[in-house]
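Only one structure is covered here, and it is reproduced in the block below.
The values are calculated or read from the model by the stated rules, or taken from the named source; none is laboratory data. Note that the coordinates shown come from a computational prediction; the quantities given were computed from them, not determined experimentally. Cβ placement follows ideal geometry from the backbone for every residue including glycine, while neighbour counts extend to all protein chains displayed.
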Amino acid sequence: MKTYEPMKKLLIFTALCLFLIACQHNGPRYNPIVKIKYSRNTANNINSSRNYASITQNPWQYMLNQIDAYIPENSRVNAERERLLRNPKGFETIASRSEPYVYYIINQLRKNNLPAELALIPLIESAYDPLATSSAQAAGLWQFVPITAKEYGLQQSSSFDARRDLIASTNSAISLLQNLNNRFNGDWLLTLAAYNAGEGRVRRAIEKNQAKGLPTNYWSLELPTETMHYVPKILAIIDIVKNNKRYGIKLPDCNYENSLVRIDISKNISLAKIAKYSKLSLDELTTYNAGYVQQTVNGPFHLLVPYAHAADLFKKLQEDNLVVNEVTELLQDTPRTNMPFEFKSGFMQNNSIARKESFSRNVKKIAYLVKAGDSLYSIAQSYRVKITDILQWNNLKNSKVQEGDILTINLANANPI
């Protein structure tokens, strides 16, 4: 028996090798599962004052430093990246709209130990416009549809729509993302797909593949067309942010004076009066507080205004006995008692808030994010410009546009229809 033992081992080894070779060459090939892996080191501890300083100095730079995602060399990702980079200025304009909101969003993601890159979701969902509403009645920065909003405790009434409120919608979006990620065993690609298409639809696609003996990773699933573009688009944006210098993209140069702070108001007051007190335009104030449907808001309620405008506004409201607490910085979530603020030199660049193009009454040029169902005709009609002008401004050869495209609309030079 001992004489044949080496021969027996050799035969077993040879058979195993042949089996492995056969497995490699037989049957269809599929893209490997692409997982976004995030390493959470001590620098990302939720109690780290160093992280707080990083976010206040520049949340986009903080996000850039935190990115730890593997971006696959994938035709779908490449196509979305190319589409976004057709109009780099448009991408930069939409990214700059995030400034008042992104401080709070990134800090909440940090506190919940979630990837900072998830702050890019509103860039796709709403172009960082809290007033955005889709054809499916999704609303706000995070584009909650009514049924999901109700499930996650977002109030919707004739006077207030919490889907448009920065604080309420962000906290609900984080809860939704956490739940989805837990249900999909930490797979962020499936999580993002479910955020877009719904958990049930992704589950059914997985079960369909399981029944056929097919892989169940995101790239192998048959999902709605929008979702097939959605996840690659997020990965493409992460890659653009991560490699912004390579692609010639300038990330927003944020100023903490433009971040939003909270003032709790006790009585009824019109937004027009608050705008006058704060020296903000009514358009600006309404956008920051997009959850309030009526122009007169019933107290008690919370008001969001830029840091730079809070001191004067608080003083005026205090004189009218309208405030409940001191001003609350959203990143610290505690009332600030030393009013007016003393800005720290490391945080500030100047003493005046930058006016965003989306708020100005004299807008010359805007960046428009193409939504599902849009056409050049409908966009031209909305802004009262010519289709030929849109083609010229964006160097387009034909009138075909796709969801996710960024178009420049030059209102100042537009010809009347």
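With respect to S278, is the statement that it is modelled with pLDDT under 95, small (G, A, S), surrounded by 21 or more Cβ atoms within 10 Å (Cβ to Cβ) and under 18 Å from T93 (Cα atoms) true?
no
What are the residues in segment 77-109 that are more than 19 Å from N289 (Cα to Cα) and not in a helix (DSSP H, G or I), if any?
Within segment 77-109, L85, R86, N87 meet the criteria.
Looking at segment 307-338, which of the residues that are farther than 14 Å from D264 by Cα, under 32 Å from the mean Cα position of the chain (by Cα) and not in a helix (DSSP H, G or I) is modelled with the lowest pLDDT?
Q332
Which is free of Cβ contacts under 8 Å to residues at least 12 places away in the same chain, over 11 Å from the mean Cα position of the chain (by Cα) and farther than 20 Å from L154 by Cβ, of E82, E92?
Going through E82, E92 in turn, the sole match is E82.
Please list, ordered by first then second residue, the pairs with beta carbon atoms under 8 Å, 6 or more apart or interchain, first in segment 253-275 and closer than 9 Å to Y307 by Cβ, second of a type in the set (K, R).
Hits for this filter: V261/R336.
Taking the conditions exactly as written (free of Cβ contacts under 8 Å to residues at least 24 places away in the same chain and either part of a helix (DSSP H, G or I) or outside the structural domain of W142 (by TED's automatic domain parsing) (or both)), does Q294 satisfy them or not?
no
For N78, indicate whether it is assigned by TED's automatic domain parsing to the domain that holds Y230 and at pLDDT 95 or above.
Considered against the rule, which asks whether it is assigned by TED's automatic domain parsing to the domain that holds Y230 and at pLDDT 95 or above, N78 comes out as yes.
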